[in-house]
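Scroll down for the structure; my scribbles are underneath it.
The values are calculated or read from the model by the stated rules, or taken from the named source; none is laboratory data. In this text the structure is predicted, and so the values were computed from the model without any measurement. Here the Cβ positions follow ideal geometry from the backbone for every residue, glycine too, while neighbour counts run over all protein chains shown.
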Amino acid sequence: MKDLLTPLTSPFALKPDFGRLFLEELAILKQRRSERVSSWDRRGKNSDWIFLRPGETQVLAEIPGPGCIKRIYALMLSLDPFIYRRVVIRCYWEGCRTPSVEVPVGDFFGMPHGDTDSFSSLLLSVIRTESCITTHGMTAYFPMPFSESARLELTNESEFPIESFWYHVDYHRCGPLGDEVLRFHARWNRECPTRADSGSVDVRNEWTSEVSHLSGTGNYVIMDAKGRGQMVGFVLGVDNLAGGWWGEGDDMVFVDGAQWPPTLHGTGTEEIFGGGASPNAPFATPYCGFPFIRRRDWSRQNTMYRFFVTDPIRFDRSLRYTIEHGHANNCENDYSSVAYWYQTTPGSSRGSLPPASRRLPWLSEPERPILNRALQLLRGLYSALPTLVPQVGESFTLSQLLNLRELSVEAVLRNRILGAFCAFRSAVSKGELETAERALDTAEGHLRELLGTGKKRTKRGKAGSKKER
């Protein structure tokens, strides 16, 4: 109390402690150089994106160290309804052959269901925009330091191209990093569906508080790492297939090989993410939130995040972060997650990413035929494009197509087809299946008309060639 009452002119009050508080660092001069790698058009035109063919990998950034990535922004355009799960971002530090980050791009930015309401947190944000097409501006602010090198790659594991991928990688160059500076990691996991434990089968997918569960056995695993470091957060996606309230599961965190009881033990799923009892409306705060809740009755897609900014979970040998799927693991739903942490060595994440076919979202019986029909129509569209759009050939992009200036019948039909697919994507993301089917009817009609027009044009071209001969 005596120190608090000391006059401001005393030596105690004049100690050089400025810069220790949040945001005060902005007023401190530091020997760093700000730089950026982006998808800007090197010709000086306005095509500020990259195009990825099916199966293609492109290097987004390759940066010599020492330095630190401070921000990654991305926006992606594709007609594939599953594109956010089929495209993978990988980050490699210090020339390591094993990626420290290996995550489907939508999940990495906090969008495990391929869609979300707009949200903003301290470390992730997604802005959903609906104009001519639904798009998501995705940003990550995790600091990602490196001493020797950083390499960021994007792989398109879809059967369809990524028409346009805009991106920024903002970073600064700095002096040598100390041994205490850790390397950033992120890893994806999924269990679909989770299975009810043997002791809770009789109350499967029901609200219950009677069954006892005094172990971490059967819990969904969000993170399982060996080494020394600290966990800084995770995103959790739950596709509630069973319906009803699903979130009575406690988080159980086992640090450095702890058995039972866990080092940290929670009291229910919504408490982890700062929610009131059984949240049924989205919310977002700097450190925690439920940014996406598809339906107010809790059925189907729900997204949550929790960032341990003020309370990182530190470990010296290992960390296993788990959560019950329902009380005593009695709920059978689709769980997926991304864990974010820092560790002393790069490339230390365990396991490998499953193939794209095993990452696709769960589809209900009414959804499957609609999505399969959409994929068939897309295959027909892309197989016909090289002959229908000879001026752009196999490097056709959606943006080029929308910007074609000719007023031919073909151009009008192509734009209508793309507009119909955009309407389909928007309807599917909202769960409006009847609207989605009508959009596919429109797309299919325009596609048939376009193919017929293309055949007529081809015949006219052949007839003209014969006449010339």
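Brief remarks follow.
- Any hit, segment 305-314, residues being more than 27 Å from Val126 (Cβ to Cβ) and in contact (Cβ under 8 Å) with a residue 60 or more places away in the chain: yes
- For Val221, the requirement of being touching a Pro at 6+ places or on another chain (Cβ under 8 Å), assigned by TED's automatic domain parsing to the domain that holds Asp316 and at pLDDT 95 or above is not met.
Let's see how each residue does on (1) among the hydrophobic types (A, V, I, L, M, F, W, C); (2) touching a residue at least 24 places away in the same chain (Cβ under 8 Å); (3) assigned by TED's automatic domain parsing to the domain that holds Arg228:
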position	(1), (2), (3)
Arg173	no, yes, yes
Gly178	no, no, yes
Leu182	yes, yes, yes
His185	no, yes, yes
Pro193	no, yes, yes
Ser200	no, yes, yes
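- Pair list, Cβ under 6 Å, 6 or more apart: segment 240-264 residue on the phi < 0 side of the Ramachandran plot, other residue among the basic types (Lys, Arg): Asn240/Arg300; Phe254/Arg320
- Subset of segment 294-304 (residues that are in contact with a Phe, Trp or Tyr (Cβ under 9 Å, 6 or more places away or on another chain) and either free of Cβ contacts under 8 Å to residues at least 40 places away in the same chain or buried (at least 23 other Cβ atoms within 10 Å of the Cβ) (or both)): Asn302, Thr303, Met304
- Answer from His327, His265 - the residue that is crowded, with 22+ Cβ neighbours inside 10 Å and over 25 Å from Val126 (Cα atoms): His327
- Considering (1) at negative phi; (2) of a type outside the set (S, T, N, Q); (3) part of a loop (DSSP other than H, G, I, E, B), the lone condition that Gly19 does not fulfil carries the number (1).
- Whether a residue is touching a strand residue (DSSP E or B) at 6+ places or on another chain (Cβ under 6 Å), surrounded by fewer than 17 Cβ atoms within 10 Å (Cβ to Cβ) and closer than 29 Å to Leu122 by Cα was assessed, and Arg187 does not pass this test.
- Of the strands (runs of 3 or more DSSP E) lying entirely inside segment 108-158, those carrying at least 1 residues that are free of Cβ contacts under 8 Å to residues at least 24 places away in the same chain and surrounded by fewer than 22 Cβ atoms within 10 Å (Cβ to Cβ) are 124-130.
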